[in-house]
Structure formats: structure tokens, C-alpha cells
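> This is the structure I want to talk about, given as C-alpha cells.
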Amino acid sequence: MSAAVTMQLGDDGILVATMDLPGRPMNVVGDALMEGIAEAAERLANDPAVKGLVLTSAKADFCAGGDLDNMFRWTRPEQPFEASMAMKHVLRRMETTGKPVVAAINGHALGGGLEIALACHARIALDDPKLKIGQPEVKLGLLPGGGGTQRLPRLVGQQAALQIMAEGNDLDPKKALGMGLLAELATDRDDLMFKARTWCATHGKSQQPWDAPKFRWPGGDSRTPQAVQLFSIAPSIASARSQGNYPAITHIMSCVFEGGLLGFDAACELESRYFAACAMSRESKNMIGTLWFQLGALKKGASRPQGVPRSKVGKLGVLGAGMMGAGIAYVAARVGVDLVLLDTTQEAADKGKAYSLGLLDKAVKRGRSTPEKRDAVLARITPTTDYARLEGCELVIEAVFEDRAVKADVTGRAEAVLGAQAVFASNTSTLPITGLAQASARPANFVGLHFFSPVDKMPLVEIIVGQQTSDETLARGFDFVLQIGKTPIVVNDSRGFYTSRVFATYVMEGITMLREGVHPRHIEAAGLQAGMPMPPLALQDEVSLSLSLHVAEQTKKDMAAEGRPYTEHPGMAVIRQLCEIGRIGRKAGQGFYDYGDDGKRLWPGLFDMFPPAAEQPPQRELIDRLLFVQANEAARCLEEGVLRSVADGNIGSIFGWGFAPFHGGALQFIDAMGPGYFVARARQLAAAYGARFEPAAGVVAAASEGRRLAG
Ligand code: NAD
């Protein structure tokens with residue numbers, strides 16, 4: 001008998017097959033699990049004592065998806081095709097024995113896990129709002145290859161199925177019930193198993209709707225007028241969102257449309273061909289490599305100093321209850337940390353706490369939390385102006401004004417009441433940590449914890465190691481970031497750290513194009529076509545032009561004080577020109593764009609100030625500039641030791657500023673095309689646009705040695 005699926009036949013003739021993949025925290029679809037399910041299907045088919053089958057799991061999840069370790073090793077398209085067909089044969093066998101099969105969904109049913117459940121005649125799930133049901137394959141450049149693209153539209157209709165698969169977002173059980181994906185909900189595990197058995201017992205002869213001779217697609221198949229309407233609009237909506245950078249989305253639409261013209265088995269084979277195309281694509285290799293393997297390694301502590309025991313913060317101090325401080329307080333209190341939120345006035349501190357109240361009230365309204373849970377989280381936040389309340393804090397994070405003197409003042413005051421072991425962290429976005437640590441009596445305990453705004457939504461925290469930061473301090477900062485459910489990257493101290501420094505190159509490149517006479521609409525389109533979440537000029541308006549100017553002026557002063565040369569970026573002249581006429585960004589209602597109640601539009605005066613040239617460069621040139629400039633700066637960060645690993649660089653770029661995920665991050669961008677090609681193209685760009693494109697020495701070395709940056 002398979003080790004991955006255990007079977008137990010009850011007196012009622014119902015066979016309960018329990019998935020429990022040995023040695024893995026979750027059930028994942030691979031040979032071992034499918035062999036177990038195949039055995040259960042055969043027993044169902046051949047044993048007259050078995051009247052029905054209930055498929056469930058002994059783990060916390062039902063089944064979490066495909067075995068990516070295995071998929072990543074595929075090098076030939078036959079491999080994914082055959083693996084996908086093999087899975088389908090098992091599921092087809094299971095759903096065509098004539099006897100009832102029920103999925104008793106006790107936890108997440110995602111990806112291949114949901115596909116297994118779709119091959120059951122009914123699905124019953126625990127009524128737990130945290131339980132996730134969905135087909136997230138698209139997020140890794142894949143599509144459901146176990147029949148999902150065929151069963152789902154035949155069950156819930158083409159439009160709903162497309163939404164689930166092309167967006168990859170999870171459903172909660174109530175929503176899944178509402179759309180007919182689930183048959184029933186259960187209150188607890190006993191109820192779940194009882195309902196599943198009862199369903200089997202009351203549905204003697206079972207077949208899938210699509211195997212019934214008179215099957216009609218809910219909402220119609222691909223020949224109906226509804227489908228004509230859907231498929232004349234869906235590709236353009238998808239293309240507007242993805243800019244054609246995610247072939248998996250197109251392949252999913254093809255599976256649903258073409259599958260809607262075919263019989264079930266032919267449609268399933270078609271799906272396997274599209275699955276193979278996805279699995280072999282560079283996009284999926286990039287995303288799986290970075291968003292699965294590198295992210296997994298970072299979360300397991302690849303960048304954390306070894307040998308320091310794991311720690312947990314019980315009491316936290318947050319200095320400054322403004323936008324960032326209030327956000328940090330919220331994410332910490334939500335995971336059970338008691339904290340003191342300190343500001344200069346009680347009113348400001350209370351306002352910071354009220355930010356949590358606002359978010360929690362929203363969660364209660366949406367049914368994601370309860371008034372009791374909300375009150376418990378709020379009770380953990382103590383707003384105050386009194387430094388004495390910081391006593392006993394294991395960690396203090398300062399998020400006061402971006403001003404060295406103010407930061408130095410609060411550092412001294414806090415340290416006066418903190419224990420000798422306490423860690424002091426700064427959330428500065430621009431000021432080097434080593435310099436700020438000069439205000440500290442114990443610089444070894446001083447570290448940078450750079451959060452992103454809005455804190456409750458942004459997944460990344462950039463940990464900055466100052467010259468004197470100890471390994472223990474770094475490890476404790478790292479553990480705290482994991483404790484609050486964020487992803488840590490670790491970088492060495494430098495101006496702009498990693499994320500702000502590279503992000504700025506994207507925005508500044510767009511602004512420089514404007515100065516050269518590139519039409520602003522072409523610039524903005526190129527940003528989106530490159531796969532960035534926001535175009536460069538709009539993004540600069542969000543950040544605010546005056547802030548960037550202020551940072552540039554400060555940097556210039558600092559470099560002069562250090563006796564180092566400062567070369568101004570050519571785009572800075574544009575920012576200065578706009579600031580001089582009060583166009584400082586979105587907060588002022590005017591920057592590169594005009595902002596009104598009806599949205600934003602490019603400021604017409606921009607065309608007079610920077611007249612578009614008669615001849616415009618090809619979009620590809622603009623896209624390359626926007627991506628190469630970021631990748632090259634990231635490579636410089638690696639070479640200078642600001643980045644400590646390729647994984648930190650890739651994850652930091654995607655989670656920090658949304659670097660085109662299908663490229664797998666700013667450094668994977670180089671590795672995917674090959675450092676040799678990158679060097680050649682970067683040199684062309686350098687000759688045309690300036691030294692900032694001169695390829696980083698580390699990439700040149702990798703190219704000449706024939707290796708990748710990731711090794
Ligand atoms: P903010 O102006 O919204 O909040 C600053 C808060 O600090 C205010 O409530 C202010 O009253 C308080 N404060 C000022 N002096 C104080 C003192 N001496 N003691 C106690 N409280 C004091 O600013 P913010 O946007 O929250 O930024 C705070 C820090 O976070 C800055 O260092 C900033 O560079 C950094 N940061 C900001 C962002 C962002 O997107 N806003 C992102 C990352 C990091």
C-alpha cells in the first residue's frame with residue numbers, strides 16, 4: 001500500500017483515503033501522492049465491498065499544490081506533458097467508476113490540490129474563512145495541468161473559471177459554496193467526515209456532469225454568444241493588466257476557449273500541451289526560481305547569522321506614531337506583541353493607535369475578524385509620550401522625522417531606559433545606519449529595519465547592517481521581521497541601501513528620457529510594458545519631486561563633507577525645473593500629472609517644457625533602458641557588497657519596488673539572458689545614453705568566466 005495515502009474501509013462500505021505524504025509538512029502533487037490516489041481509485045473500481053470513496057488529508061492542508069522541486073528539474077517539454085497526462089489518467093479513473101467520490105476538504109486546497117478535489121463528485125469543506133481554495137499556478141507562470149482548466153469551467157462557467165485561474169486569487173469556502181464549487185460546508189472535522197460519508201451513501205451511482213449524455217455547460221460552451229462576448233473582451237483585459245508579459249494567462253484562456261469546443265478527454269490532452277509550454281517558459285523558470293526557491297531559502301534564514309539562538313520580541317517600543325510608526329505598531333500588535341507607541345504629544349500617539357482601530361474595524365466589517373479579536377489587538381498598544389514606559393522593551397524601532405538630530409535625540413532618550421541587551425532599530429529611508437549609530441551608546445545593538453509603506457500591505461523589510469552591528473543584533477532583527485510575518489532581506493550599509501538606490505534608477509531613467517525629447521506617454525507605456533507596477537513619471541509624483549530633490553541635495557552635501565565627488569543624475573535637472581514652479585508631486589495636486597477629482601492626466605505644460613522629438617525611439621529601446629539600468633545598479637550593489645546574496649537582491653527587487661516579477665528579480669534578469677548578452681547590450685546602451693549603463697565589473701567577470709551571478 002502507498003505510504004502517501006492510507007485507506008480505511010468503514011462498516012458502511014465507504015473507503016476513506018487519507019493523504020499524508022511522508023517527510024513533507026504539506027501534501028503536494030507528485031508521483032508518490034498520485035500513486036496513492038491511483039490505488040484508492042482501483043480499489044473503488046474493483047472491490048465490490050467499497051460503495052464510495054472519501055478523499056481527505058491528515059495534514060493541516062488538504063493539498064497545497066504541485067511538487068515544485070520536481071517541476072523545476074524538467075528540461076524537456078515531454079516531461080511536463082507526460083506528468084500532466086499521468087495525473088489526469090488517475091483522476092479520470094477515479095471519477096468514472098460509477099461510484100461516488102467526495103473530497104473532504106479539511107484545509108487549503110490549492111493548485112493541484114483543488115484539481116484533485118474537482119475530480120471528485122462533490123466537495124465539502126470546513127467552514128473556516130482562513131481556508132484557501134484556488135488555482136494560483138499563474139503566479140508562478142504555470143497553469144492547472146491536472147484537468148483544472150477543463151473541469152472548473154464545466155462546473156462554474158467559463159467566466160468565473162477564467163477569473164479564478166487567470167488571476168490566481170484564493171476563494172474562501174463561503175464564496176466557493178456560493179459559486180457552486182463546493183456542495184456543502186462543515187463545522188468541524190467530525191461534521192466534515194459525517195457529511196462526506198452521508199453524501200456518498202445517498203448518491204449511489206455517480207458521474208461527473210460532463211460525462212452525462214445531455215451535459216450543458218453552465219453559461220454555455222465556446223460556441224455560444226456569451227462565449228463570443230467573453231472571449232472578445234477577456235484577452236484585451238488580460239493584456240491591459242499583464243502587457244503580454246505572462247504567457248500563462250494567454251495559455252489559460254486558450255485552454256478554456258479551445259477546450260470549450262472539444263470533448264472532455266481531447267480537451268484534457270490539449271491542456272497538457274499548454275501546460276508543457278508554460279512549464280518550459282523562461283517566465284515560469286524565473287518565477288519558480290526566485291519566488292519559490294530563493295524566497296523559501298531566505299525565509300528559512302539563509303541570510304541570518306548562524307549560531308545565534310532564535311529570539312522572539314515580547315515587548316516592543318515604537319518611536320514616532322506617524323504613518324510608518326502607526327503601521328509598524330499595527331503589524332506587531334496583530335501577531336501578539338505588546339508595544340509602547342511613543343510620540344511628542346499624547347494626541348499624536350493616540351492618533352497612531354487609532355490607525356490600528358481603523359484597519360481592525362474594516363476587518364471586522366468584512367467578516368475577517370471579530371470585535372473580541374480587534375479589542376485584544378488594540379489592548380496591546382500603549383500610546384504615550386513617556387520614555388519610562390519603554391522599560392523592558394527587547395526592541396525599539398524609531399520612525400520619527402527623517403532628521404539626524406531628531407533621531408539622535410530619541411536614540412539617547414530611549415537607551416537611557418532600555419536594558420543593555422535591547423536592540424535599537426531605525427526605520428530611516430535614506431540616512432546611513434553607521435552614521436546614525438554614532439548617537440548610540442551601544443552601536444553593536446544598532447541596526448536598520450527599513451519598512452515600506454503602507455506597512456500592513458508591503459511584504460518586505462530591508463535589514464541594514466551598520467559597520468558595528470553585531471551578528472546577534474542582526475539575528476534578532478531578522479527574527480522579529482519573521483515574527484511579524486514579513487520577508488527579510490539583509491544588506492550592508494550604504495547610501496540608499498539597496499532598494500531605494502536601485503528603485504531610484506528606474507524613476508530617474510524615465511525622467512531623463514523626458515529631457516531627451518521622448519514623448520511622456522511613450523515613457524509611461526514603456527514602464528508598464530517593462531512589467532513595472534507603475535510608470536516612472538507617475539511614480540515620481542507619488543514619491544514627491546521635492547523629497548527626491550531634498551535627498552539629492554543632502555547627498556551632495558554629505559559627499560562634499562566626505563571629500564567624495566558627486567555627479568548629478570541628468571534627470572535631476574528636470575525635477576528641479578518642476579519644483580521651481582511648484583509642481584512637486586501628487587501631494588500638491590500637480591507634478592508630471594495634474595490631479596483632479598476625476599483622476600490624473602499628464603500636465604499639458606510638459607509638452608512645452610520638454611517638446612517631444614519628431615522622431616521617437618522604438619519602445620523596445622525604452623523598455624531595455626528601464627530594465628537594464630535597474631539590473632546594472634543591482635549588480636553594482638552585489639559587487640560592492642551592499643547586497644550579500646543574489647537571493648536578497650532578487651526578492652528585494654520584487655517585494656520592495658515591484659521589479660517585473662516575470663524576470664525573477666533584478667539579478668535574475670541578468671542571469672536569465674546570460675551575463676555575456678547583458679554585457680554586450682549594456683555597452684550599447686552606455687555608448688548611446690551614458691556611463692550609468694557601463695556594465696558592473698561583477699557581471700563582466702561572470703560573463704568572461706561563463707558563469708551566472710547566482711553561481
Ligand atoms: P511622519 O511624519 O508621518 O511621522 C513621524 C512621526 O514622528 C510624527 O508623528 C512625529 O510627531 C513624530 N516625531 C517627531 N519627532 C519626534 C520625537 N522627537 N519623539 C517622538 N516622536 C517624534 O513620517 P513617516 O513617513 O512615518 O516617516 C518616519 C520615518 O520612516 C522617517 O525616517 C522616514 O524616512 C522613514 N520611512 C518612511 C517611509 C514612507 O514611505 N513614508 C518609508 C520608509 C521609511
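> Do you know the Lys pair count in segment 302-432 for C-alpha distances under 22 Å, with sequence separation 8 or more or different chains?
Within segment 302-432, the lysine pair count is 15.
> State log₁₀ I(q)/I(0) for the chain at q = 0.06, 0.08, 0.09 Å⁻¹ as given by the Debye formula over alpha-carbon point scatterers of equal weight, solvent excluded.
-0.42, -0.74, -0.92
> Could I have the simple spin-label model distance between Ser236 and His89, label points 7 Å from Cα toward Cβ, reported in nm to one decimal?
4.4 nm
> Whole-Hz Karplus ³J(HN,Hα) for segment 526-543, in order, using 6.51 cos²θ - 1.76 cosθ + 1.60 and θ = phi - 60°, x for Gly and Pro?
4, x, 5, 5, 5, x, 7, x, 9, x, x, 5, 4, 5, 5, 4, 5, 5
> Relative to the longest principal Cα axis of the chain, at what angle does helix 471-483 sit, 0 to 90 degrees, rounded to 10?
Roughly 50 degrees, rounded to the nearest 10.
> What chymotrypsin sites (Phe, Trp or Tyr not before Pro) in segment 539-616 are in a loop by DSSP, with at most 16 other Cβ atoms within 10 Å of the Cβ?
Working: sites: Tyr566, Phe592, Tyr593, Tyr595, Phe607; in loops: Tyr566, Phe592.
Sparse-neighbourhood loop chymotrypsin sites (Phe, Trp or Tyr not before Pro): Tyr566.
> A follow-up question, please. I'd like the Karplus ³J(HN,Hα) series for segment 490-502: coefficients 6.51, -1.76, 1.60, θ = phi - 60°, whole numbers in Hz, and an x wherever there's a Gly or Pro.
Result, ordered by residue: 10, 9, 7, 5, 5, 4, x, 6, 9, 5, 5, 5, 6 Hz.
> How high is the FRET efficiency between Trp292 and Lys175 when r is their beta carbon distance and R₀ equals 35 Å, given to the nearest 0.05?
Details: r = 26 Å, r/R0 = 0.75.
Approximately 0.85, to the nearest 0.05.
> Given a 1.4 Å probe and every protein chain left where it sits, what share in percent of the accessible area of segment 323-481 is carbon and sulfur? Present the calculation step by step, with values, prior to reporting the outcome.
Values: 3520 of 6780 Å².
Answer for segment 323-481 is 52 percent, counting heavy atoms of protein chains only.
> Next up: Using 0.36 nm per residue, how much length does the chain from Ala560 to Asp409 gain when fully extended, once their Cα-Cα distance is taken away?
Numbers: separation 151, 0.36 × 151 = 54.36 nm, distance 2.50 nm.
Here the answer is 51.9 nm.
> Please express the shape of segment 380-448 as an equivalent ellipsoid: the semi-axes are the square roots of 5 times the eigenvalues of the C-alpha gyration tensor, given largest first in whole angstrom. Working shown, then result.
Numbers: eigenvalues 69, 38, 22 Å².
Over the Cα atoms of segment 380-448, the ellipsoid semi-axes are 19, 14, 10 Å.
> While we're looking at this one, here's another question. Please report the carbon-and-sulfur percent of the accessible area for segment 119-247; probe 1.4 Å, protein heavy atoms only, DNA, RNA and ligands left out.
C and S atoms contribute 55 percent here.
> Still on this structure, please answer the following. Give the Kirkwood hydrodynamic radius (Å, one decimal) of segment 660-711, defined as one over the mean of 1/r across all pairs of different Cα atoms. Mind showing how you got there, number by number?
Details: mean 1/r = 0.0901 Å⁻¹.
Taking the inverse mean of 1/r over all distinct Cα pairs, segment 660-711 comes out at 11.1 Å.
> By how many nm would the segment from Thr96 to Ala573 lengthen if fully extended, with 0.36 nm per residue of separation less the alpha-carbon distance?
Values: separation 477, 0.36 × 477 = 171.72 nm, distance 7.00 nm.
Stretched out fully, the Thr96 to Ala573 stretch lengthens by 164.7 nm.
> Turning to a different aspect of this structure: Across segment 117-228, how many lysine pairs, 8 or more positions apart or on different chains, have C-alpha atoms separated by under 24 Å? Please give the number.
13
> Moving to a separate point now. Give me the three principal axis extents of segment 297-400 from the C-alpha atoms, as integers in angstrom, largest value leading.
Here the spans come out as 42, 36, 21 Å, largest first.
> Put Lys174, Lys285, Lys299 in order of accessible area, largest first, 1.4 Å probe: what do you get? Present the calculation step by step, with values, prior to reporting the outcome.
Working: Lys174 130, Lys285 55, Lys299 100 Å².
From most exposed to least exposed: Lys174, Lys299, Lys285.
> Mind pulling the angle between the C-alpha long axis of helix 675-689 and the longest principal axis of the chain? Nearest 10 degrees, somewhere in 0 to 90.
40 degrees
> To continue, here is another question. Can you list the HN-Hα couplings for segment 283-292, worked out from phi with the Karplus curve (6.51, -1.76, 1.60; θ = phi - 60°), rounded to whole Hz and with x for Gly and Pro?
My calculation for segment 283-292 gives 4, 6, 4, 4, 6, 5, x, 8, 7, 10 Hz in order.
> Order of 426-439, 322-335 by packing, highest average Cβ count within 10 Å first?
322-335, 426-439
> What span do the alpha-carbon atoms of segment 31-77 cover on each of the three principal axes, reported in whole Å from largest to smallest?
The principal-axis extents, from largest down, are 43, 28, 12 Å.
> What Kirkwood hydrodynamic radius do you get for segment 165-306 when you take the inverse of the mean 1/r over all pairs of distinct Cα atoms, in Å?
Values: mean 1/r = 0.0524 Å⁻¹.
Evaluated on segment 165-306, it is 19.1 Å.
> Further question: Might you report the magnitude of the Cβ-based charge dipole of segment 205-261 about its Cα centre, with Lys and Arg at +1 and Asp and Glu at -1, to the nearest 20 debye?
Values: 5 positive and 3 negative charges, 35 e Å.
Computed charge dipole of segment 205-261: roughly 160 debye.
> Let me ask something else about it. Distance in nm between label sites at Ala686 and Gln616, each 7 Å beyond Cα in the beta-carbon direction?
Between Ala686 and Gln616, the label points sit 3.0 nm apart.
> Follow-up question, since we're still on this one. To the nearest 20 Debye, how big is the dipole of segment 116-161 about its Cα centre, given +1 on the beta carbon of each Lys and Arg and -1 on that of each Asp and Glu?
On the way: 6 positive and 3 negative charges, 13 e Å.
Here segment 116-161 has a charge dipole of around 60 debye.
> Just for the Cα atoms in segment 519-658, what are the lengths along the principal axes, largest first, rounded to whole Å?
Extents along the principal axes: 44, 37, 33 Å.
> In what order, largest first, do Lys457, Lys132, Lys195 sit by accessible area if the probe radius is 1.4 Å? Walk me through the intermediate numbers first.
Working: Lys457 150, Lys132 85, Lys195 55 Å².
Accessible-area ranking of Lys457, Lys132, Lys195, largest first: Lys457, Lys132, Lys195.
> Round to the nearest 10 and give me the degree value, 0 to 90, for the angle of helix 31-46's Cα axis relative to the longest principal axis of the chain.
It works out to around 20 degrees.
> Just to confirm a number: summing +1 for Lys and Arg and -1 for Asp and Glu over residues other than Val102 whose beta-carbon lies under 9 angstrom from that of Val102, what do you get? Provide the component values of the computation, followed by the final result.
Working: positive: Arg123, Lys195, Arg197; negative: none.
Around Val102, the charge tally is +3.
> I would also like to ask the following. Would you be so kind as to identify which of Ser311, Gly336, Val502 lies farthest towards the positive end of the dipole of the chain, taking Lys and Arg as +1 and Asp and Glu as -1 on Cβ and the Cα centre as origin?
Looking along the dipole axis, the top candidate is Gly336.
> While we're looking at this one, here's another question. Can you send over the carbon and sulfur percentage of the accessible area for segment 507-587, probe radius 1.4 Å, protein chains only? Intermediate values should be presented prior to the final figure.
Values: 1970 of 3520 Å².
Reported share for carbon and sulfur atoms: 56 percent.
> About the Cα centre of the chain, what is the dipole size in debye to 20, counting +1 per Lys and Arg Cβ and -1 per Asp and Glu Cβ, all else neutral? Each step should come with its number before you reach the end.
On the way: 75 positive and 77 negative charges, 95 e Å.
For this selection, approximately 460 debye.
> Which listed residue (Gly599, Met458, Ala212) has the Cα farthest towards the positive end of the charge dipole for the chain, taking +1 on Lys and Arg C-beta and -1 on Asp and Glu C-beta about the Cα centre?
Highest projection toward the positive end goes to Ala212.
> Among Ser369, Ser546, Gln159, which residue has its Cα positioned farthest towards the positive end of the charge dipole of the chain, with +1 placed on the Cβ of Lys and Arg, -1 on the Cβ of Asp and Glu, and the dipole taken about the Cα centre?
Gln159
> At 1.4 Å probe radius, can you tell me the per residue accessible area of the chain in Å²?
Numbers: 29340 Å² over 711 residues.
Counting only protein heavy atoms, the per-residue value for the chain is 41 Å².
> Stokes-Einstein D for segment 1-160 at 4 °C, 1.567 mPa s, Kirkwood Rh over Cα pairs, in µm²/s?
Numbers: Rh = 15.8 Å.
For the chosen part, D equals 82 µm²/s.
> At a Förster distance of 22 Å, what's the computed FRET efficiency of Glu258 paired with Gln207, Cβ-Cβ distance as r, to 0.05? Walk me through the numbers before you get to the answer.
On the way: r = 24 Å, r/R0 = 1.10.
The value I calculate is 0.35.
> So if I take the centroid of the Cα atoms in segment 605-673 and the same for segment 159-219, what is the distance between those two points in Å?
Here the two parts' Cα centres lie 44 Å apart.
> Let me ask another. Once label points are set 7 Å from the Cα along Cα→Cβ at both Val335 and Ile581, what is their separation, rounded to one decimal in nm?
4.8 nm
> Above 13 Å lies some portion of the pair distances; for segment 632-673, what is it as a whole percent of all C-alpha pairs? Don't skip to the end; give the middle numbers.
Working: 382 of 861 pairs.
Of the Cα pairs, 44 percent sit more than 13 Å apart.
The values are calculated or read from the model by the stated rules, or taken from the named source; none is laboratory data. Quick caveat: nothing in here was measured; it's all calculated off a predicted structure. Backbone-built Cβ (ideal geometry, glycine too); neighbour counts: all protein chains shown. Please note that ligands, DNA and RNA were not included when accessible areas were found on the heavy atoms of the full protein model with its side chains. Shrake-Rupley method; radii C 1.70, N 1.55, O 1.52, S 1.80 Å.
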